[in-house]
Amino acid sequence: MSNMSCEKCGSTDAVVHLTQIVNNHMSTHHLCQSCAAEKGLDAGPNVGDIPLLDVIKQIADDPAVDTHWGGGECSFCGLTHADFRKTGRLGCPQCYESFAAELPDLLRRVHRATKHVGKVYLPPDPTASDMEKRLDGLRRRLDRAIRSEDFERAAEIRDEIRSMEPA
Amino acid sequence: MTDFEAIPDHGLGWMEASGEHSDIVLSTRVRIARNLQGHAFGPRARVNDREAVLRDFRDSAQRSEVLRDGVLVEMPEVAERMRRILHERRLVTRDLLGEEGAEPFNGTAVHFSATEPVSVMVNEEDHLRVQSLVSGLRIQEAWRIVDRLDDELGRELPFAYHNDFGFLTSCPTNVGTGMRASVFMHLPGLVLTKEIGRALRGLSEMGLTFRGLYGEGSEVVGQFFQVSNQITLGRTEEDLLDDLERSVRTVIAKELEARHVMLREARLITEDKIWRAYGLLRHARSLSFDELMAYLSSVRLGVSLKLLPGLRVYSLNKIMVFTQPAHLEQAAGRDLTPEESDAHRASYVRRVLATEGDVSAIEGSAADDPPSDRP
């Protein structure tokens, strides 16, 4: 493989080769280690990094979006919007409450959805309402297992439902 | 920890080349991200957060059927080269090892089950990353193991969970199910017939994403791709996995079709490429990892097309793992310069090909079979 130069700073050693698909258009970028790191790209395992940071920037730069990115901080961990914009990482579970006003817009752009419909968590000391939510979730999974004719799975889920329902 | 004896299969079960389509699909990985209430996520966690997370996890692991008899490896107690080996075996992420040249954070650990192909990384970007890594295309099987362990741990540990957002994660790209499933595929047919762009665009329209081996570009690293779900919120785990499986099967069918076209339209060129790559690997005295991967890709295609019938996919997987820098250093018993590493790599490849693949019996097959792509 011949040496490729970094398309950003022109140094001769592009070591990160990023292929992205945005709006059905595929593009490839060749960057040196330091320019890649500057973009938050360090050949690491996280697929979502770059699009996410782009999305955060889009939202912050979009005058049509009525959010207040730039002020406020998390009451638990002290994360600010600026921190989040820099890293694309929230600081703690409480951040999801602290930034609850802004998150749906971001989640819609990343996931095309704002509400979890997957597995329902049953905490160690569940309340009656936790149990009911979990049972609803299990019944949905049971229906699905039966529809897809995964009867082994269906039997397991049915056992779990039985173990949770009052005798 | 000085060796891998304690880890089931030495952490290499995923390269055994079993499972469906294991010549095209190297491995399937399903992982979920979980965090504990009351502690900052990995990047903002303090020492006492990490220590508390590890302590709570350790307690819950003792009550977990899946983890009980397993082995917990604390990163700061592992020698530097062994940590890199864990990473090269794809058992821990680069993140868990900490900054280059620095020691890993206290509290970072990985726990391997003794009975199932599943492990838990502790204090990575998220407090817990439960992952199953298996050979071949086995999405449902990997998910079932992860799902079961998730239930066990969830009964003991207070996960950070939100009624609207689901399982809360450090990065909002993971929130909801916290689940990422990825299938590691070898697609030389699509690359060589220039159909790969179209196939990848198709994946992206399905909400799937792909990347090359080790996050680098696509073709330069041996035509290997990891395909995974991009979305984690607003769909059930089962739907996300079904979409992935369906798309991966479509890509496999297209890859097989491309290989068929290559053999039909350009048999001599294809055979020549494969045999040249084999010859080079069989005799080279120095190989960089990228160069090795490029030739190994052609040889893998040859094995899959039964043009090199003495060789097994398992041997090729083994070469991929054991020719990485930390593995070569471990075998040599000392640090290696890049030049030495290239020489040791070539030597290892020659040895494996000499002892595990006798392809001499079918040499000359191209001559026996008149080429169709020449006048």
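Values in this text are rule-based calculations from the coordinates and carry no lab data. Source: prediction; values computed, not measured. Every residue, glycine as well, gets a Cβ built from its backbone with ideal geometry; the counts of neighbours run over all protein chains shown.
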(request) Taking the Cβ of each residue in B:Val321, B:Val120, B:Val191 as the centre, tally the other Cβ atoms inside 10 Å and list the residues starting with the fewest. (result) B:Val321, B:Val191, B:Val120
(request) Please turn the phi angles of segment A:80-90 into ³J(HN,Hα) values with the Karplus equation 6.51 cos²θ - 1.76 cosθ + 1.60 (θ = phi - 60°), one per residue in order, whole Hz, x for glycine and proline. (result) 9, 4, 4, 4, 5, 5, 6, 9, x, 10, 7
(request) Considering the convex hull of the alpha carbon atoms of segment B:104-148, report its projected area averaged over all viewing directions, in nm², one decimal. (result) 3.8 nm²
(request) Assign one of three labels to segment B:156-213, namely rounded, prolate or oblate, based on the Cα gyration tensor with a ≥ b ≥ c the square roots of its eigenvalues; rounded applies when a/c is under 1.5, prolate when it is not and a/b is larger than b/c, and oblate otherwise. (result) prolate
(message) As I understand it, the dipole of segment B:1-71 uses +1 on the Cβ of Lys and Arg and -1 on the Cβ of Asp and Glu, about the Cα centre. Which of B:Gly19, B:Val30, B:Gly42 lies farthest toward its positive end?
(response) B:Gly42
(message) Among B:Ser247, B:Gly154, B:Ser64, whose Cα projects farthest towards the positive end of the dipole of chain B, with charges put on the beta-carbon of Lys, Arg (+1) and Asp, Glu (-1)?
(response) B:Ser247
(request) Give me the Debye-computed log₁₀ of I(q)/I(0) at q = 0.33 Å⁻¹ for segment B:315-359, equal point scatterers on Cα only, no solvent, two decimals. (result) -1.20
(request) Count, for each residue of B:155-164, the Cβ atoms from other chains sitting within 10 Å of its Cβ, then give me the mean as a whole number. (result) 5
(request) Using the number of other C-beta atoms within 10 angstrom as an exposure proxy, rank B:Arg312, B:Arg246 with the fewest first. (result) B:Arg246, B:Arg312
(message) Compute the helix-to-body angle for B:289-304: its Cα long axis versus the longest principal axis of chain B, expressed 0 to 90° and rounded to tens.
(response) 70 degrees
(message) Along each principal axis of its Cα atoms, how long is segment B:136-273 end to end? Whole angstroms, biggest number first, please.
(response) 61, 25, 23
(request) Once you have the Kirkwood Rh of segment B:83-204 from its Cα pairs, apply Stokes-Einstein at 4 °C and 1.567 mPa s and quote D in µm²/s. (result) 77 µm²/s
(request) Any chance you could check the Cα centroid distance between segment A:108-142 and segment B:56-86 for me, in angstrom? (result) 29 Å
(request) Can you tell me the 0 to 90 degree angle between the C-alpha axis of helix B:267-283 and the longest principal axis of chain B, rounded to 10? (result) 70 degrees
(request) Mind jotting down the three principal axis lengths of chain B based on Cα atoms? Whole angstrom, largest first. (result) 73, 47, 32
(request) Quantify how strongly other chains surround peptide A:85-98 by giving the mean number of their Cβ atoms within 10 Å of each of its Cβ atoms. (result) 6
(message) Need one value for B:225-235: mean number of C-beta atoms belonging to other chains within 10 Å of its residues' C-beta atoms.
(response) 5
(request) Ratio to report: Rg/Rh of segment A:125-167, with Cα atoms as the point set and Rh obtained by the Kirkwood method; give two decimals. (result) 1.02
(message) As I understand it, the value is the acute angle between the Cα axis of helix B:47-62 and the longest principal axis of the Cα atoms of chain B; what does it come to in degrees, rounded to 10?
(response) 80 degrees
